[in-house]
Amino acid sequence: MKLLICLIGITVVAAVIYYFLSQKKVRNKKSKNQRSAVLITALVTVILLGVLALAVYKSQNQADLQCSVTHTTTDSPPASLKTAMDYFLQGNYDYDTGNCVKAIADYTTSISLNPRDAEVYNNRAYTYMRMRDFKDALPDLEKALAINPNYIQALMNRGDIHNYYYEINRSSAIADYEKVISLGGTRGTSVCGHLLLARTNGWTLSTIFELPFVNANCQ
């Protein structure tokens with residue numbers, strides 16, 4: 001949404017610049033001034049799009065602080081640690097507070113007590129992802145999807161790994177995103193934008209121009 005607002009803003013700025021420049025015409029020089037207005041507007045638009053692309057690139061590559069900074073949370077840890085669910089909830093709590101190493105240990109204990117819970121595998125995989133450990137995240141996502149092939153979040157996570165981070169395989173990512181869409185997973189996810197990036201092999205100028213229409217053409 002923020003990116004769409006930026007693109008709309010760039011369009012408005014370009015239109016305003018062109019309007020004012022084209023109005024500054026001298027008798028018998030209308031055509032020349034219009035050409036100058038087009039060139040200056042195009043130059044400003046390219047510069048603004050470049051700044052936007054740089055901002056997007058930096059946001060995609062900025063350091064992930066989830067697992068390196070202590071966070072506060074309104075949730076509370078379970079009162080005791082006995083069942084698989086207790087350790088699962090403890091893992092969620094530790095993840096939320098930024099203690100990802102302990103969260104991994106909690107999820108591992110939960111899995112040892114109940115190896116058929118797809119959500120625990122997915123959460124452990126996502127924690128690995130936030131730790132930039134994509135190699136260990138993939139097997140967990142495969143296990144989660146073996147248990148529940150229609151697990152939307154696990155499909156999104158596996159698609160993202162293949163689309164951006166590790167063992168890049170955009171055909172595989174596209175298949176995962178398309179399955180998410182077929183399951184009705186467009187709501188509450190960014191699958192349409194991720195699918196567009198997978199289909200166009202990442203951020204390009206044409207991709208930025210397509211973004212305003214991505215949700216309308218998400219199929």
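Laboratory data are not the source of any read-out in this text; all were calculated from the coordinates shown. Note that the structure is predicted; figures quoted are calculated from it, not measured. Here the Cβ positions follow ideal geometry from the backbone for every residue, glycine too, while neighbour counts run over all protein chains shown.
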Practice item. Give me 110, 80, 172 ranked fewest to most by other Cβ atoms within 10 Å of their Cβ, as a rough exposure proxy. Key: 80, 172, 110
Point to revise | Full-extension gain in nm, residue 199 to residue 164, via 0.36 nm per residue minus C-alpha separation | key: 11.4 nm
Practice item. With label points built 7 Å along Cα→Cβ from the Cα atoms of residue 218 and residue 82, find their separation and express it in nm. Key: 4.3 nm
Practice item. Could you work out how far apart the two model spin labels at residue 112 and residue 171 are, taking each label as a point 7 Å from the Cα in the direction of the beta carbon, and quote it in nm? Key: 4.0 nm
Practice item. May I ask you to compute the full-extension gain from residue 105 to residue 47, defined as 0.36 nm times their residue separation minus their alpha-carbon distance, rounded to one decimal in nm? Key: 16.1 nm
Practice item. Go from 0 up to the bin containing the longest alpha carbon distance in the range 141-198, width 5 Å each, and give me the % of pairs per bin. Key: 4, 24, 34, 26, 12, 1
Review point. So which GluC sites (Glu not before Pro) in the range 124-187 are both in a DSSP loop and have at most 13 other Cβ atoms within 10 Å of their Cβ?
Key: 167
